[in-house]
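Remarks on the structure that follows.
Any read-out appearing in this document is the output of simple, stated calculations on the displayed coordinates, not a laboratory observation. Please read these numbers as outputs of a predicted model, since none were measured by experiment. All Cβ positions, glycine included, derive from the backbone under ideal geometry; neighbour counts span all protein chains shown.
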Amino acid sequence: MRLTRKQLDHLPSGLARPSYDRSQPVGVVHLGLGAFHRAHQAVYFDALMQAGERGWMIRGASLRSGRVAAQLNPQDGLYTCHVRDAEGEARQLVGSIHDVLVAPDDPAALISAMSAAETALVTLTVTEKGYRLDPQSGALLLGAADIQSDLANPDRPTTVPGLLTAALAARRAAGLAAFTTLSCDNIPDNGRRTRAAVLAFAKARDPDLERWIADTAAFPSSMVDRIVPATTLADIDALENVAGYRDEAMVKTEGFTQWVVEDWFSDRRPPLELVGVEMTDDVAAWERIKLRLLNGSHSTLAYLGALAGHDFVHQAMAAPGFADLVEAIWDEAEPTLDAPAGFDAATYRNALTRRFANPALEHSLVQIAMDGSQKLPQRLLATLRERHARGDASPALCLAIAAWMRWQMGQDEQGRAFEVDDPLASQTRAALAAAGPEPADQVAALLAIEAIFGNDLVGRAGIVDTLVAALTELRSRGAAACVASGLARAMNPADA
């Protein structure tokens, strides 16, 4: 029995489900409707409408394929959010998604949805690479082929800046207020960077449009936190066996959830504080905590854990030395945080340890390892730069970065080839091929890729020496032995 609204009366009586009118207007358009949005923002809007607020249904949009639309549209937008913790599990039906558009099939339909009068908010989870920003400067890649194509074909855009600009142009032409654009991706100052990207695109298209957007449109920053592993066919089958219905769009997640939003809106504002969202004037401190503690250690676990032969985060955390490795990353990152009032680092770190050790989630290390070239600058390199400026050595950070370098070789420690899933994989592969077999040459070749590392790290001898030492050890001893031996704390050149 496939989940649909017609099946609601036949589902288990104890299953939480929407009690609000799902035919109410769509107030939110979401770009990048993946599992994270369904386990995070869509759950908050579901709770908001359960609390009696109206006009916040979501129209989702897939920017690449029709896979999510094929999962959700036949189910009338309904899906199960399955919370799994070591303490137990819970399921709820989420009803906040109205339907899903497929942007490549009909970009005009998506532009029309964003420019509709009832749409007040456009949210985004398109991953770091979706914004088409330079990872170092944060500037829009105006010379990129897809950006140039969007400028030449403004009515059929394919990129996020092109789509947002087209929709804002349509609202301006219709005499409507600009919608609020709310980024929910792991990018520092994500609101300001999204705004800068849209303004740069709009200026290249129409300077008058750029001025209107600059004067009227809000781009608040936000910080989102919830671990959402990829759903597998086994998860879907297990839910069907237990609950008696087939849900092709289900998501699994942990009990913990957090959303911090800058209180800056250009149109109607959803009262998200009613459902636990922290509205604030300063998101940056929370962003830094999340990126440097949670995301930085996640990436560290991904590369070293996968190289050591583990599949999931909880497996790596239970292996010799890995819990201490994570603590070493946190020890190096914590002094660089400008923490907000009331933040307790020890409590936060203890909670992260419990979350990482959750065996029910089965969070794939390879999933976290994707798109590392886009993630490294904010998760690890920014912390490394700050520590270097303070004169502090960073052996744990350097081991994590060296593990990323080892990952770019596309071969595990048993000699088996794997695909490096990264937008700059061809560049890293070419750099390593030209460098030859010596770790020092490999480190130099990868550090020379300015899109990832900028142009400053290659000249910092202490950092380079620590990276070379770490990569040498990883290649000769393997990741498991390096982590178990406490290499993350052992390398400590005085001038690093």
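A few notes on this one:
- Rounded to the nearest 10 degrees, the angle from helix 190-205 to the longest Cα principal axis of the chain is 70 degrees.
- Annotation: lysines with alpha-carbon distance below 16 angstrom to residue 203 (same-chain offsets under eight excluded): none found.
- Acute angle (nearest 10 degrees) that the helix 207-216 long axis makes with the longest principal axis of the chain, alpha-carbon atoms: 80
- Derived scalar couplings between HN and Hα for the stretch 395-412 equal x, 5, 4, 5, 5, 5, 5, 5, 5, 4, 4, 5, 5, 5, 6, x, 8, 7 Hz in order, rounded to whole Hz, by the Karplus curve 6.51 cos²θ - 1.76 cosθ + 1.60 (θ = phi - 60°), x for Gly and Pro.
- Signed unit charges on C-beta, dipole axis of the chain, positive-most listed residue 448, 359, 177: 177
- For the stretch 303-347, the residues whose amide N sits under 15 Å from a probe point set 7 Å from the Cα of residue 416 along the beta carbon direction are 306-312.
- Degrees between helix 461-477 axis and first principal axis of the chain (Cα, 0 to 90, nearest 10): 90
- Taking the charge dipole of the stretch 284-490 about its Cα centre, with +1 at Lys and Arg Cβ atoms and -1 at Asp and Glu Cβ atoms, the residue from 333, 410, 427 reaching farthest to the positive side is 333.
- Computed E for residue 6/residue 211 - FRET, C-beta separation, R0 45 angstrom, nearest 0.05: 0.35
- For the chain, a simple Cβ point-charge model (Lys and Arg +1, Asp and Glu -1, everything else neutral) yields a dipole of about 580 debye relative to the Cα centre.
- The charge dipole of the stretch 120-263, taken about its Cα centre with unit charges on the Cβ of Lys, Arg, Asp and Glu (plus for the first two, minus for the last two), comes to roughly 500 debye.
- Semi-axis lengths (Å, descending) of the ellipsoid that matches the C-alpha gyration tensor of the stretch 321-411: 22, 20, 12
- The trypsin sites (Lys or Arg not before Pro) of the stretch 1-108 meeting both criteria, a DSSP state outside H, G, I, E and B (loop) and at most 12 other C-beta atoms within 10 angstrom of the site's C-beta, are 54.
- Kirkwood hydrodynamic radius of the stretch 284-490, from inverse mean 1/r over distinct Cα pairs, in Å: 17.0
- Highest to lowest packing among 176-184, 397-405, scored as the average C-beta count within 10 Å: 397-405, 176-184
- For the chain, projected area of the alpha-carbon convex hull averaged over all directions, nm²: 22.8
- Using the Cβ of residue 439 as centre and a radius below 13 Å, the other residues enclosed give a net charge of -1, where K and R count +1 and D and E count -1.
- In the chain, a dipole from Cβ-located charges (positive for Lys and Arg, negative for Asp and Glu) runs towards its positive end, and of 486, 299, 249 it is 249 whose Cα lies farthest in that direction.
- Remark on residue 246: its backbone amide H falls under 5 Å from those of 2, 3, a criterion applied only to residues 5 or more positions apart or on other chains, H modelled at 1.01 Å from N.
- The peptide list 156-167, 440-451, put in order of mean Cβ contacts within 10 Å with the highest first, becomes 156-167, 440-451.
- Partners of residue 290 within straight-line reach, counting lysines whose Cα lies under 28 Å from its Cα and excluding those fewer than 8 residues away in the same chain: 129, 252, 375.
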